Ligand code: GAL
């Protein structure tokens with residue numbers, strides 16, 4: 001029995017062969033806009049009346065008809081709802097079958113054909129065809145024109161064209177499309193993203209003259225030994241001519257090959273494009289040609305003869321209101337954001353993007369790994385039984401997918417690697433895809449991470465490998481592959497991390513350490529952070545606040561929660577702290593100031609570009625952020641990969657590093673000297689800071705004491721002893737304690753909590769790893785439910801000393817805590833000592849610090865330390881030393897799932913003030929970390945979305961000695977050993993005073 005078309009694994013029927021998209025002057029008609037739409041609950045016996053019978057201009061709502069924009073997903077327009085799963089198929093694994101419940105959208109519209117449409121003119125037919133093109137329909141669809149069925153197609157992110165010229169008539173025509181949510185194609189589209197359906201990319205009618213320039217294949221290489229470009233363009237049919245005026249080609253034979261001395265090459269750093277025109281008597285096609293040669297040579301991936309390093313991201317297409325239906329402005333925003341954050345590469349995870357995105361990558365300069373629309377990950381859950389990658393019945397479908405990917409995108413210079421897909425196990429069909437790719441386009445390497453032995457790929461690729469493993473691979477010392485016969489082959493291949501540094505929630509930590517490995521080992525040619533953007537869906541709460549939904553928010557019976565929110569951008573494209581960190585870690589120029597000899601080491605980490613597009617400046621600031629001196633430096637003439645050392649002498653004081661006042665800081669900055677297409681002159685590309693003063697010769701980034709606003713300095717005037725008042729309370733400087741040691745009032749503010757805390761609202765990374773997760777370990781150890789027992793509280797000479805033992809129920813392990821309170825220079829001084837008691841072996845703490853909650857309507861926070869954004873011990877490259885201020889609210893980072901956030905590191909002093917400028921000042925001796933929130937850590941941990949949190953009237957401060965690292969364990973390794981916070985005897989010293 002023949003299977004229904006939407007269940008049959010066969011890819012499509014009736015669609016013409018795939019081809020490259022060029023900009024043709026032949027007429028086109030956009031069919032985007034409002035279509036009539038109705039959603040049927042299943043794909044059963046629907047008949048074709050909706051498409052065949054004449055339909056009214058305003059269809060009956062009784063029959064379920066309404067309007068829907070094209071392009072769009074129907075679930076984002078009130079029809080059905082989005083659903084999110086990562087690996088799991090949301091239907092039984094019963095290939096190629098799909099459930100009877102198969103939401104099916106019926107679309108139809110009328111359109112008027114322009115009177116001068118080719119082929120319609122009266123008299124002798126000029127000949128020619130018309131194609132109806134769909135750039136993306138999820139997941140399977142059947143098409144009718146003027147009531148005649150044209151065929152059907154699968155491959156949601158692939159283009160399909162149907163021949164319609166013979167059916168068109170002058171004036172009014174109709175087009176109808178039936179789209180099934182589920183199809184055999186869904187088994188091949190198990191990417192980690194929302195399940196969203198419909199016609200989500202454009203629909204166009206394209207006139208094709210005869211002869212037409214239907215498909216062209218541009219091969220444009222660049223020989224780094226001669227500087228010559230070679231251009232050879234394959235076209236279909238005779239009589240095609242080529243013009244590339246800038247290269248002196250006029251009316252040339254496109255086939256060439258044309259050897260063109262003195263051609264400027266295309267690279268992601270220097271995206272030089274040449275305008276070319278192909279023409280016949282009937283059609284002109286505009287192309288933008290970039291000359292570059294990609295090769296795997298001597299175990300390295302090279303472009304134009306030089307190895308490259310990917311500073312990349314994985315990009316899903318996402319918009320918080322429109323899902324994967326992106327407009328060009330959004331695509332451009334992505335490209336500009338990438339370029340401005342030093343990103344040089346994109347893996348189009350896990351499907352070919354909208355074609356406009358690749359145009360933008362060509363134009364602005366990004367290396368692209370173009371990935372086929374393929375993922376069958378859900379079969380892993382059944383031991384890969386029935387996986388289409390290894391089943392001959394699916395061979396045509398898989399081949400069709402890679403062919404449509406390569407054919408559509410083959411003329412983009414930015415595309416330097418083809419990727420077969422993602423997480424689809426392995427099997428002969430994947431190998432066949434690789435062989436087809438190589439035969440069709442021998443000039444680009446083939447990538448597929450799932451081929452663990454690298455038997456049929458040209459790059460060795462892994463995801464989420466630990467630093468240790470990357471180091472071993474870098475040394476070509478990795479264990480042999482499962483098939484030892486492939487050992488020599490794989491060991492010779494260049495290595496990339498196609499995914500690493502899972503950017504979910506707060507993090508990732510450990511980026512700097514990965515980058516050092518990329519720089520240390522030639523074989524390790526960089527990687528692609530997972531992933532670019534959180535796929536949150538915009539919603540509005542009852543009180544009007546905007547929030548972003550993730551898995552489970554649409555009552556999906558099966559879902560993977562907020563695993564869909566793991567990007568470097570928040571859904572509205574605000575950069576997360578993770579993106580700022582990444583931009584700093586991957587900056588293409590390294591500046592290292594040496595305090596010992598007052599010099600600056602400059603390393604050009606570009607792969608191709610010199611530094612002549614940059615300007616270098618320096619600025620010396622005192623500990624209040626006042627600029628003492630500034631100046632510029634001559635930009636050294638450094639080719640890519642070279643380094644040099646510059647003397648840092650300038651300005652009236654001579655060398656700012658050596659002779660600067662104590663406690664001052666030097667910032668050196670490399671900015672764009674002139675406007676680039678992606679950023680204006682002055683845009684900062686790289687920077688460095690160091691301690692500059694006479695007393696700060698270590699250069700360590702910890703603020704020196706002595707800030708004017710820092711106020712209290714130890715031992716300035718005699719200490720006032722504690723006093724017991726008539727009520728039996730103990731008064732110490734600006735504080736009042738109960739006789740048993742509880743801090744009740746500070747600087748005139750009532751105190752709700754003031755005690756040791758070692759827990760944090762778990763981050764997504766703390767929660768990663770299930771039962772082995774840090775959050776579970778901490779929870780089992782009871783760190784979220786510690787009890788405090790006062791051992792003693794006594795006036796002790798100049799101070800009031802309170803000793804407690806802090807421990808969890810059902811455990812004999814504890815923390816001996818001593819609060820040494822005393823008055824100092826009008827402030828309350830705290831020396832908080834913590835000492836582990838019992839067996840803490842193997843346990844690291846989330847943090848160690850004082851939890852302080854006071855009744856203050858905080859409005860503004862100022863501090864001197866690292867900022868302006870949040871930072872943690874393994875994610876703080878992007879934080880700069882300075883005097884910062886921020887509205888209180890803005891200190892919270894709105895991760896889609898609320899969690900620990902907002903830590904400011906290495907702070908010398910901080911002030912928390914209300915609207916009237918009154919409040920609390922905290923000074924470190926020497927430094928502390930702080931987070932300030934209008935809710936407790938417990939409330940933060942309990943909330944599922946930021947808009948569920950409301951201020952409780954208190955200022956909640958975490959004043960910390962240290963935090964555990966962040967790591968990347970939401971998918972990947974946890975914090976590195978050097979970033980763990982193992983308990984040991986430690987002390988935090990603070991001064992608290994009124995403002
Ligand atoms: C990878 C996968 C990605 C994504 C990521 C976790 O295994 O390739 O698509 O699921 O894990 O966010």
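Checked against the criterion of being more than 30 Å from residue 179 (Cβ to Cβ), assigned to a strand (DSSP E or B) and more than 38 Å from the chain's Cα centre (by Cα), region 204-226 has no qualifying residue.
Sort through 882, 820 and tell me the only one that's more than 30 Å from the chain's Cα centre (by Cα) and under 25 Å from residue 919 (Cα atoms). Result of the check over 882, 820: 820.
When region 240-258 is filtered for residues that are part of a strand (DSSP E or B) and surrounded by 14 or more Cβ atoms within 10 Å (Cβ to Cβ), the ones remaining, listed by number, are 241, 242, 243, 244, 249, 252, 258.
Restricting 625, 551, 578 to those that are assigned to a loop (DSSP other than H, G, I, E, B) and surrounded by 18 or more Cβ atoms within 10 Å (Cβ to Cβ) reduces the list to 551. All conditions in (1) surrounded by 18 or more Cβ atoms within 10 Å (Cβ to Cβ); (2) within 22 Å of residue 724 (Cβ to Cβ) hold for residue 792, with the sole exception of (1). In region 450-498, the residue that is nearest to the ligand (Cβ to nearest atom) out of those that are assigned to a helix (DSSP H, G or I) and in contact (Cβ under 8 Å) with a residue 40 or more places away in the chain is 470. Within region 592-622, being buried (at least 19 other Cβ atoms within 10 Å of the Cβ) and closer than 21 Å to residue 865 by Cα holds for 593, 595, 618, 620, 621, 622.
So that you can scan it fast, the table gives a plain yes or no per residue for (1) surrounded by 14 or more Cβ atoms within 10 Å (Cβ to Cβ); (2) closer than 13 Å to residue 615 by Cβ; (3) at pLDDT 70 or above:
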{"site": "656", "(1), (2), (3)": "yes, no, no"}
{"site": "659", "(1), (2), (3)": "yes, no, yes"}
{"site": "663", "(1), (2), (3)": "yes, no, yes"}
{"site": "670", "(1), (2), (3)": "yes, yes, yes"}
{"site": "673", "(1), (2), (3)": "yes, yes, yes"}
{"site": "676", "(1), (2), (3)": "yes, yes, yes"}
{"site": "680", "(1), (2), (3)": "no, yes, yes"}
{"site": "684", "(1), (2), (3)": "yes, yes, yes"}
{"site": "687", "(1), (2), (3)": "yes, yes, yes"}
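Would you mind stating whether residue 533 is under 17 Å from the mean Cα position of the chain (by Cα), within 16 Å of the ligand (Cβ to nearest atom) and modelled with pLDDT of 95 or more? Criteria met by residue 533.
Looking at 525, 515, just one residue is more than 16 Å from the ligand (Cβ to nearest atom) and either farther than 25 Å from residue 606 by Cα or in contact with a strand residue (DSSP E or B) (Cβ under 6 Å, 6 or more places away or on another chain) (or both), and that residue is 525.
Quick one: would you say residue 526 is assigned to a strand (DSSP E or B), under 22 Å from residue 349 (Cβ atoms) and either out of contact with any helix residue (DSSP H, G or I) (no Cβ under 9 Å at 6 or more places or on another chain) or touching a residue at least 60 places away in the same chain (Cβ under 8 Å) (or both)?
So residue 526 passes the test.
For region 192-208, the set of residues classified as over 25 Å from residue 398 (Cα atoms) and buried (at least 21 other Cβ atoms within 10 Å of the Cβ) consists of 205, 207, 208, listed by residue number.
Which of the residues spanning region 296-312 are touching a residue at least 60 places away in the same chain (Cβ under 8 Å) and in contact with a strand residue (DSSP E or B) (Cβ under 7 Å, 6 or more places away or on another chain)? If the condition is that a residue be touching a residue at least 60 places away in the same chain (Cβ under 8 Å) and in contact with a strand residue (DSSP E or B) (Cβ under 7 Å, 6 or more places away or on another chain), then 300, 301, 303, 304, 307, 308, 309, 310, 311, 312 are the ones that fit.
In this entry, residue 287 is excluded by the filter for residues that are touching a helix residue (DSSP H, G or I) at 6+ places or on another chain (Cβ under 8 Å) and either within 16 Å of the ligand (Cβ to nearest atom) or not in a loop (DSSP other than H, G, I, E, B) (or both). Once region 320-329 is narrowed to residues that are under 18 Å from residue 82 (Cβ atoms) and either buried (at least 22 other Cβ atoms within 10 Å of the Cβ) or free of Cβ contacts under 8 Å to residues at least 40 places away in the same chain (or both), the residue that is farthest from the ligand (Cβ to nearest atom) is 325.
When region 48-103 is filtered for residues that are more than 16 Å from the ligand (Cβ to nearest atom) and in contact with a helix residue (DSSP H, G or I) (Cβ under 6 Å, 6 or more places away or on another chain), the ones remaining, listed by number, are 68, 81, 82, 93, 95, 96.
The values are calculated or read from the model by the stated rules, or taken from the named source; none is laboratory data. The structure presented is a predicted model; accordingly, all values stated were derived computationally and were not measured. Note that we place each Cβ from the backbone using ideal geometry, even for glycine, and neighbour counts take in every protein chain shown.
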